[in-house]
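Have a look at the structure below before the remarks.
What follows draws every value from the coordinates through simple rules; no lab data is involved. Just so you know, these numbers come straight off a predicted model, no measurement behind them. Note that each Cβ is placed from the backbone with ideal geometry, even for glycine, and that neighbours are counted across all protein chains shown.
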């Protein structure tokens, strides 16, 4: 017997339902760890998946080495490792826009960072409304606040 697919509402109302009702049918369990808690697979996810997609979405390939340096620092090697992705994006963009060497290269190569204000405003909205930092909150923010920052929609991934 497999899991019964729950609706979004059921998941919100009772997120532990499937775990409580899990019944053993085999002598083993195969579980996939995707957040790096058991096996350290965060480097691969960040370096091979998340960072290239972010650079692609926001046309940052011309500053790839700078972007990777900063994004890998915050996502993998700092005390912020494992922080929420919106916080990581905020930290990364603020660090990049504060560096003179990055500003110079961006000007030379005509690269423009996404405006960190879009992330700042979303995070402030979440805090003010006591919501979680995730896609449901981002969708709510977009629908209620109607932000004018089109690149914000790309964060829905």
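Taking label points 7 Å from Cα along the Cα-to-Cβ direction, residue 81 and residue 23 give a separation of 4.2 nm.
Ordering 98, 137 from the fewest to the most neighbouring beta carbons within 10 Å gives 98, 137.
With contacts taken as Cα pairs under 8 Å and at least 6 residues apart, the chain reaches a relative contact order of 16 percent.
Within the listed set 136, 15, 147, the residue fluctuating most in the Gaussian network model of the chain (springs between alpha-carbon atoms under 10 angstrom) is 15.
The sum of -39500 (n - 2.57) across all DSSP H runs of n ≥ 4, divided by the residue count of the chain, sets its helix-only mean residue ellipticity at 222 nm to -13500 deg cm²/dmol. For a test of the definition: using alpha carbon positions, the gyration tensor, and the 1.5 limit on a/c, classify the chain as rounded, prolate or oblate. Cα axes put the chain in the oblate bin. Exposure proxy for 127, 81: other Cβ atoms within 10 Å of each Cβ, ordered fewest to most, give 127, 81.
Each of 110, 103 was scored by other Cβ atoms within 10 Å of its Cβ. Arranged with the fewest first, they read 110, 103. Checking the a/c ratio against 1.5 first, then a/b against b/c, what shape does the Cα gyration tensor give for segment 42-114? It is prolate, given that a/c is not under 1.5 and a/b is the larger ratio.
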